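The values are calculated or read from the model by the stated rules, or taken from the named source; none is laboratory data. Nothing here was measured: the structure is a model prediction, and the numbers come from that model. Every residue, glycine as well, gets a Cβ built from its backbone with ideal geometry; the counts of neighbours run over all protein chains shown. Side chains included, ligands, DNA and RNA excluded: accessible areas come from the protein's heavy atoms. Shrake-Rupley method; radii C 1.70, N 1.55, O 1.52, S 1.80 Å.
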Amino acid sequence: YTPDMRGHGLSEGDRGHAVSDTGQIVEDVAGFIDWLKRTRHHHTVVLGGHSAGGGVALAISRTRAAANVDGYLLLAPFVGLGSPTVRPHFGGWARLDVPRLLAIMALNVLGIHRYDQNTVVEFNTEACLHDPRYLRSWSFATALAFGPGVWRPKAGAISNQKPVLLLVGDDDHCFLPERYGEALQVIAPHGEQISMGRCGHWGLLASSTTIDTAGAWLDRNFAHQMQEKSASGENNEAAA
């Protein structure tokens, strides 16, 4: 399942500015996972995300919704503002207005949210000229909603009972591949990190190596679990 987020893809709303508060994306995804568990109760749920989507997956892992997730697939994930993996201005792909971001964060602490729709991230506008699907900017609310917030070196790690795989290309231009090992020790010390060779931030999604590696990991960690759930579901249906 690959749902479009608010203001992205084919979803309605002001593009990049459709999020009303910083917790809305996590709430949306958590609600979707809950629906999956209720309607597809024989299924295993592995939550995956690329870049900011990986940040959403990480944010979910720190909420009650994590009880409904069986594992995490993180593709060059954004692990937090100020984290050791982030290149300056995300390698030129996005420009963060830090003073404005900090000012709005301070206002949020005081309970003032009237500026949450102000732009704090400007994306590479050259891409927007060639494909209207690209976003030009993110509001403060959207930027904070797509990730775990500010990097916390002592944040709680993902349960070691839940497999975690982190994939990143050696030529990632938004994040520093060599710093993910350090980040993974905070996120999930038991997790696996595998290099996808010489591919960039977006090339990671189109790489056959990524697909094969993720598929092998899913089979290794979840095939037996999925078979057990399927058998249990069939037995329950037969009994009914």
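Which of the residues spanning the range 67-82 are crowded, with 20+ Cβ neighbours inside 10 Å and within 14 Å of Lys162 (Cα to Cα)?
Residues of the range 67-82 that are crowded, with 20+ Cβ neighbours inside 10 Å, as a first pass: 69, 71-80.
The answer is Val69, Gly71, Tyr72, Leu73, Leu74.
Of the residues in the range 83-128, how many are more than 19 Å from Phe175 (Cβ to Cβ) and surrounded by fewer than 14 Cβ atoms within 10 Å (Cβ to Cβ)?
10
Can you give me the number of residues within the range 18-40 that are of a type outside the set (Val, Ile, Thr), over 25 Å from Val109 (Cα atoms) and open to solvent by 50 Å² or more (accessible area, probe 1.4 Å)? Give the derivation first.
At the first step, the residues of the range 18-40 found to be of a type outside the set (Val, Ile, Thr) are 18, 20-21, 23-24, 27-28, 30-32, 34-38, 40.
If we keep only those that are over 25 Å from Val109 (Cα atoms) too, we end up with 31-32, 34-38, 40.
Those left that are additionally open to solvent by 50 Å² or more (accessible area, probe 1.4 Å): 32, 34-35, 38, 40.
So the answer is 5.
For the range 19-132, please list each of the helices (runs of 4 or more DSSP H) lying entirely inside it that holds at least 2 residues being more than 21 Å from Pro189 (Cα to Cα).
The qualifying helices (runs of 4 or more DSSP H) are 24-39, 98-109, 125-130.
Residue by residue through the range 143-158, note down the ones that are closer than 18 Å to Val86 by Cα and open to solvent by less than 30 Å² (accessible area, probe 1.4 Å).
Within the range 143-158, Ala143, Leu144, Ala145, Phe146, Gly147, Pro148, Gly149, Ala155 qualify.
Residues being aliphatic (A, V, I, L, M) and either open to solvent by less than 20 Å² (accessible area, probe 1.4 Å) or in contact with a helix residue (DSSP H, G or I) (Cβ under 8 Å, 6 or more places away or on another chain) (or both): count how many of those fall in the range 200-216.
Residues of the range 200-216 aliphatic (A, V, I, L, M): 204-206, 211, 214, 216.
Pick out the ones that are also either open to solvent by less than 20 Å² (accessible area, probe 1.4 Å) or in contact with a helix residue (DSSP H, G or I) (Cβ under 8 Å, 6 or more places away or on another chain) (or both) and you get 204, 214.
Number satisfying all stated conditions: 2.
Give me the pairs: first residue in the range 49-66 and on the phi < 0 side of the Ramachandran plot and open to solvent by less than 10 Å² (accessible area, probe 1.4 Å), second residue modelled with pLDDT under 95 and among the small types (Gly, Ala, Ser), beta-carbon distance under 6 Å, and six or more apart or on different chains, which are they?
As it stands, the answer is Gly55/Gly147, since those pairs meet every condition given.
Condition first: modelled with pLDDT of 85 or more and assigned to a loop (DSSP other than H, G, I, E, B). Now tell me which residues in the range 133-153 satisfy that. Working first, answer last.
Of the residues in the range 133-153, the ones modelled with pLDDT of 85 or more are 136-153.
Passing the criteria: Arg136, Phe146, Gly147, Pro148, Gly149, Trp151, Arg152, Pro153.
Before we move on, is Asn108 in contact with a helix residue (DSSP H, G or I) (Cβ under 9 Å, 6 or more places away or on another chain) and either of a type in the set (Phe, Trp, Tyr) or over 19 Å from Val164 (Cβ atoms) (or both)?
Here the answer is yes, as Asn108 does meet what is asked.
Among the residues of the range 167-190 satisfying the criterion of being surrounded by 23 or more Cβ atoms within 10 Å (Cβ to Cβ) and farther than 23 Å from Gly92 by Cβ, which is farthest from the chain's Cα centre (by Cα)?
Only one residue tops the list, namely Ala188.
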